[in-house]
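Here's the structure, in structure tokens; my notes come after.
The values are calculated or read from the model by the stated rules, or taken from the named source; none is laboratory data. Since we're looking at a predicted model, the values are computed, not measured. When we count neighbours, we look across all protein chains shown, and the Cβ atoms used for this are built from the backbone with ideal geometry, even at glycine.
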């Protein structure tokens, strides 16, 4: 009864007077404006300093923003940038996508069945502790210099952060919730569907965040080693011919791609698991 | 009257430490029985054993005449921490027991709003547990348990973590619901007042290893409300007897 009372009071309580609303809005707007001013200024200062310094240095060693912009326009015009970008994107999507599809069910099975845990724990730890870059030549030896090889390298970079995070998620399921499921006589399928999987989602999203960054590293390394395609190859090619301004262009494209991927995973995290960004309940 | 739940000579050890020591207890059908005891005595363990969430090492527990081996049919539990799934809305949480029992969508659609209304959560169906107060989460936990229409309701200190005022409101709500439905209830608490307000029989357990020290019948007429019970002439007397038994349980003869 008391709750419904307090509810009614909240619903019928009068709105704050317009001048208070107006003052609050003005304060928020001015703060917002200040924030953007500082941001734009910060970018401008860095660009100007870069430009001033860049034009004084040997163009083989460094390039000012204007030269990079020129190179960018040229590379867009002759189509090299777009085709390299699309080649890289395809590798990334296939490698990262496969890693997501394989790692999550694998991790959940691993976490939920002790014998599986005992059987694979040490392998996963060992492989995770190994710098994967060291395995890239071996992977190329096995899978060749083509698309498959690149996708597998991206896969292997993205796989472990995803696997380990999903595993952690499935391991840290609230014990009380498992008891709730048991007390309602849930079948194993329902335990997975209603408890284990959803409670792992925030961890899986965090793993995805990590994996997105890792997969870009894997992508560029794969393209360095296999040569011939993608943004990584553009970097290598420009560096080998001392066209430094052209080298910066794919680097910046990869950077933007990375930021975009992180943005997407953060957005997904908020959308898919709205409860996880909230303070823990008691 | 048949027993909704009976414990015969139940004993249990944790790591060689005796937790339940030859516990005998009978819960008549349709009765509201409260178990109180010093904190850390085995009262929650006993409840969990009735719920089939933990086994007993000796003796047996029967619910509806059948020996408990794993969570029995017709029993629902209300958890201390509410046990709501944070990823489900209040509505979906209340529906949980029906969904996993494979009830039809139509039945779920008819049943859930009824129980949400019973616990005064109408209007909060679409919210997530983190968006509502602790008292509302406990209400939702209660609605979830009631929705599967259990014959025995087990409640493990469900109001321990809500503030005193909300607790009184929840007591009255629970009394209203129970006086209408007359389920057999086993309610664990460490509050004497809560025990007297709610129950027909108060079971006092001794400190670990837990044994039943005494039974006290609460002969205060129903329908009850928190205020009417506390103002009832019998209240002080019953409270005194509970207190004495509890003191005895706390300091009583230890082996």
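Structure data summary
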quantity	calculated
Yes/no for residue B:68 being within 14 Å of chain A (Cβ to nearest Cβ) and touching a residue at least 24 places away in the same chain (Cβ under 8 Å)	no
In segment A:164-183, the residues that are over 25 Å from residue B:101 (Cα atoms) and either within 8 Å of chain B (Cβ to nearest Cβ) or assigned to a helix (DSSP H, G or I) (or both)	A:164, A:165, A:166, A:167, A:168, A:169, A:171
Identity of the residue in segment B:129-161, surrounded by fewer than 20 Cβ atoms within 10 Å (Cβ to Cβ), touching a residue at least 24 places away in the same chain (Cβ under 8 Å) and more than 21 Å from residue B:51 (Cα to Cα), that ends up nearest to the chain's Cα centre (by Cα)	B:161
Criterion violated by residue A:69 - all others in (1) in the same structural domain as residue A:240 (by TED's automatic domain parsing); (2) closer than 20 Å to residue A:240 by Cβ satisfied	(2)
Residue in segment B:3-25 that is within 21 Å of residue B:149 (Cβ to Cβ), in contact with a strand residue (DSSP E or B) (Cβ under 7 Å, 6 or more places away or on another chain), modelled with pLDDT of 90 or more and within 14 Å of another protein chain (Cβ to nearest Cβ) present	no
Test: residue in segment B:171-182 that is more than 28 Å from residue B:39 (Cα to Cα) and outside the structural domain of residue B:7 (by TED's automatic domain parsing)	no
Verdict on residue A:257 being in contact with a helix residue (DSSP H, G or I) (Cβ under 6 Å, 6 or more places away or on another chain), away from every other protein chain (no Cβ under 12 Å), at pLDDT 90 or above and crowded, with 16+ Cβ neighbours inside 10 Å	no
Qualifying positions in segment B:28-50 - part of a strand (DSSP E or B) and either in contact with a helix residue (DSSP H, G or I) (Cβ under 7 Å, 6 or more places away or on another chain) or surrounded by 24 or more Cβ atoms within 10 Å (Cβ to Cβ) (or both)	B:32, B:34, B:35, B:36
Condition met for residue B:199 (touching a strand residue (DSSP E or B) at 6+ places or on another chain (Cβ under 6 Å), in contact (Cβ under 8 Å) with a residue 24 or more places away in the chain and not assigned by TED's automatic domain parsing to the domain that holds residue B:118)	yes
Residue count, segment A:184-194 (criterion: more than 7 Å from every other protein chain (Cβ to nearest Cβ) and either crowded, with 22+ Cβ neighbours inside 10 Å or closer than 20 Å to residue B:74 by Cα (or both))	3
Filtered residues of segment B:80-119 (kept if within 26 Å of residue B:179 (Cα to Cα), facing chain A (nearest Cβ under 10 Å) and assigned to a helix (DSSP H, G or I))	B:93, B:96, B:97, B:98
From the options A:266, A:271, A:246, A:281, residue that is within 14 Å of chain B (Cβ to nearest Cβ) and either modelled with pLDDT of 90 or more or in a helix (DSSP H, G or I) (or both)	A:271
Checklist (1) out of contact with any helix residue (DSSP H, G or I) (no Cβ under 8 Å at 6 or more places or on another chain); (2) free of Cβ contacts under 8 Å to residues at least 40 places away in the same chain; (3) over 22 Å from residue B:65 (Cα atoms); (4) more than 10 Å from every other protein chain (Cβ to nearest Cβ) applied to residue B:191, failing item	(2)
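Each row is one residue, and each column tells you yes or no for (1) over 30 Å from residue A:239 (Cβ atoms); (2) outside any helix (DSSP H, G or I); (3) within 29 Å of the chain's Cα centre (by Cα); (4) outside the structural domain of residue A:217 (by TED's automatic domain parsing).
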position: A:32; (1), (2), (3), (4): yes, no, yes, yes
position: A:82; (1), (2), (3), (4): no, no, yes, no
position: A:107; (1), (2), (3), (4): yes, no, yes, no
position: A:111; (1), (2), (3), (4): yes, no, yes, no
position: A:120; (1), (2), (3), (4): yes, no, yes, no
position: A:136; (1), (2), (3), (4): no, no, yes, no
